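Dropping a structure here in structure tokens format, bear with me for questions.
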């Protein structure tokens with residue numbers, strides 16, 4: 001399972017989102033810090049789930065980062081997040 005698939009699986013299991021997109025944006029960061037040949041280092045995530053209702057942006061991001069601790073240890077370098085609750 002590649003990094004994108006791992007991120008999708010973990011976020012799906014943790015938050016049962018109405019909408020989830022995970023895009024590997026690593027190639028756009030070639031030559032920048034954290035980039036590795038072959039990608040799997042920089043991702044954009046768009047997620048909408050009721051688990052984020054009423055939470056601050058920081059709290060939403062902390063929940064996601066907590067779920068992806070192993071991925072960060074395995075080489076995930078950057079995660080751009082767009083998070084929404086279902087009440088917005």
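The values are calculated or read from the model by the stated rules, or taken from the named source; none is laboratory data. Note that this is a predicted model, so its numbers are computed, not measured. Positions of Cβ are backbone-derived with ideal geometry, glycine not excepted, and every protein chain shown enters the neighbour counts.
Evaluate the following for residue 54: is it surrounded by fewer than 15 Cβ atoms within 10 Å (Cβ to Cβ) and at pLDDT 90 or above?
Here the answer is yes, as residue 54 does meet what is asked.
Could we say that residue 77 is surrounded by 16 or more Cβ atoms within 10 Å (Cβ to Cβ), farther than 15 Å from residue 8 by Cα and at pLDDT below 90 here? Don't jump to the end; show me each part of the working.
Details: surrounded by 16 or more Cβ atoms within 10 Å (Cβ to Cβ): yes; farther than 15 Å from residue 8 by Cα: yes; at pLDDT below 90: yes.
For residue 77, the condition - surrounded by 16 or more Cβ atoms within 10 Å (Cβ to Cβ), farther than 15 Å from residue 8 by Cα and at pLDDT below 90 - is met.
So, one more: Residue 61: at pLDDT 90 or above, within 13 Å of the chain's Cα centre (by Cα), at negative phi and exposed (fewer than 12 other Cβ atoms within 10 Å of the Cβ), yes or no?
no
While we're looking at this one, here's another question. Just the residues that are at pLDDT below 95 and either in contact with a helix residue (DSSP H, G or I) (Cβ under 7 Å, 6 or more places away or on another chain) or loosely packed, with under 13 Cβ neighbours inside 10 Å (or both), please, taken from the stretch 37-51.
37, 38, 39, 40, 41, 42, 43, listed by residue number.
Being more than 17 Å from residue 22 (Cα to Cα) and part of a helix (DSSP H, G or I) is the filter here; which residues of the stretch 40-65 pass it? Give the derivation first.
Initially, the stretch 40-65 is screened for residues more than 17 Å from residue 22 (Cα to Cα), giving 50-59, 62.
Result: 50, 51, 52, 57, 58, 59, 62.
Is it true that residue 20 is modelled with pLDDT of 95 or more, within 21 Å of residue 86 (Cβ to Cβ), in contact with a helix residue (DSSP H, G or I) (Cβ under 8 Å, 6 or more places away or on another chain) and surrounded by fewer than 17 Cβ atoms within 10 Å (Cβ to Cβ)?
On the way: modelled with pLDDT of 95 or more: yes; within 21 Å of residue 86 (Cβ to Cβ): yes; in contact with a helix residue (DSSP H, G or I) (Cβ under 8 Å, 6 or more places away or on another chain): yes; surrounded by fewer than 17 Cβ atoms within 10 Å (Cβ to Cβ): yes.
Spelling it out, residue 20 is indeed modelled with pLDDT of 95 or more, within 21 Å of residue 86 (Cβ to Cβ), in contact with a helix residue (DSSP H, G or I) (Cβ under 8 Å, 6 or more places away or on another chain) and surrounded by fewer than 17 Cβ atoms within 10 Å (Cβ to Cβ).
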